[in-house]
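Here the structure is laid out as structure tokens; the discussion comes afterwards.
The values are calculated or read from the model by the stated rules, or taken from the named source; none is laboratory data. Not measured: the values here are computed from a predicted model. Neighbour counts run over all protein chains shown; Cβ positions are idealised from the backbone, glycine included. Heads up: the accessible areas ignore ligands, DNA and RNA and are worked out on the full protein's heavy atoms, side chains in. Shrake-Rupley method; radii C 1.70, N 1.55, O 1.52, S 1.80 Å.
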Amino acid sequence: MKELSDEIVMQKVAAGNLDLLKVLFDKHHRHVYNFLYKMSGDKMLSEDLTQDVFYKLIKYRSSYKNGSFKAWLFTIARNDLKTHFTRNHKNHDDIDVLEYKQVENEDNRQEEYSHLQSALNKLDATDRELVILNRFQEIRYEELAEIVGSTPGAVKTRVCRILKKLKSIYLENI
């Protein structure tokens with residue numbers, strides 16, 4: 001039997017088949033968590049927000065309009081993260097100035113990863129978000145455009161410019 005697309009599964013969830021939510025959760029919860037962790041640098045917060053994203057997926061399932069499931073899911077994740085920082089700005093830095101936590105260096109690969117995290121940290125939050133969604137979460141330009149309310153061409157150009165900036169930041173500290 002052929003595997004159903006995320007969009008078909010979500011349509012069935014929206015229609016009331018909540019048992020299929022497990023399929024979407026199993027397939028996407030790590031991606032959502034990784035995105036939230038790369039944006040916040042806080043493991044516990046990322047775990048909590050990941051759970052909240054999937055709770056909202058159930059709660060607002062009827063608002064799914066048969067578009068790209070990934071775009072819809074990451075829009076929920078982005079909004080949830082933004083809402084968290086808006087409501088809890090006393091306990092956390094604003095998302096626009098949030099620093100990534102440094103990863104301890106044990107070997108060269110870990111050191112390079114830490115250096116990349118540091119370079120990513122120097123980008124503003126909206127640029128960092130686009131790079132993380134596109135390069136780490138493998139969200140296509142069409143889906144990114146839907147998430148951020150732009151066109152695929154504009155998003156592709158912006159990501160290209162951000163990557164050039166990231167490369168420059170990365171290489172200046174080697």
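Return the residues of region 27-53 that are open to solvent by 60 Å² or more (accessible area, probe 1.4 Å) and more than 22 Å from residue 66 (Cβ to Cβ); say none if nothing qualifies. Selection gives 30, 34, 43, 44, 47, 48, 51. Summed over region 1-26, residues that are surrounded by 19 or more Cβ atoms within 10 Å (Cβ to Cβ) and among the hydroxyl-bearing types (Ser, Thr, Tyr) total 0.
Of the residues making up region 59-78, just one is over 13 Å from the mean Cα position of the chain (by Cα), open to solvent by less than 70 Å² (accessible area, probe 1.4 Å) and basic (Lys, Arg), namely 61.
The residue that is nearest to residue 75 (Cα to Cα), counting only those in region 121-147 that are of a type in the set (A, V, I, L, M, F, W, C) and either in contact (Cβ under 8 Å) with a residue 60 or more places away in the chain or open to solvent by 50 Å² or more (accessible area, probe 1.4 Å) (or both), is 147. In region 1-69, counting only helices (runs of 4 or more DSSP H) that sit wholly within it, the ones holding 2 or more residues that are of a type in the set (S, T, N, Q), in contact (Cβ under 8 Å) with a residue 24 or more places away in the chain and under 20 Å from residue 144 (Cβ atoms) span 21-40. The C-beta contact set for region 160-174 (first residue farther than 14 Å from residue 120 by Cβ, second residue open to solvent by less than 80 Å² (accessible area, probe 1.4 Å) and at pLDDT below 90, distance under 8 angstrom, 6+ apart or interchain) comprises 174/115.
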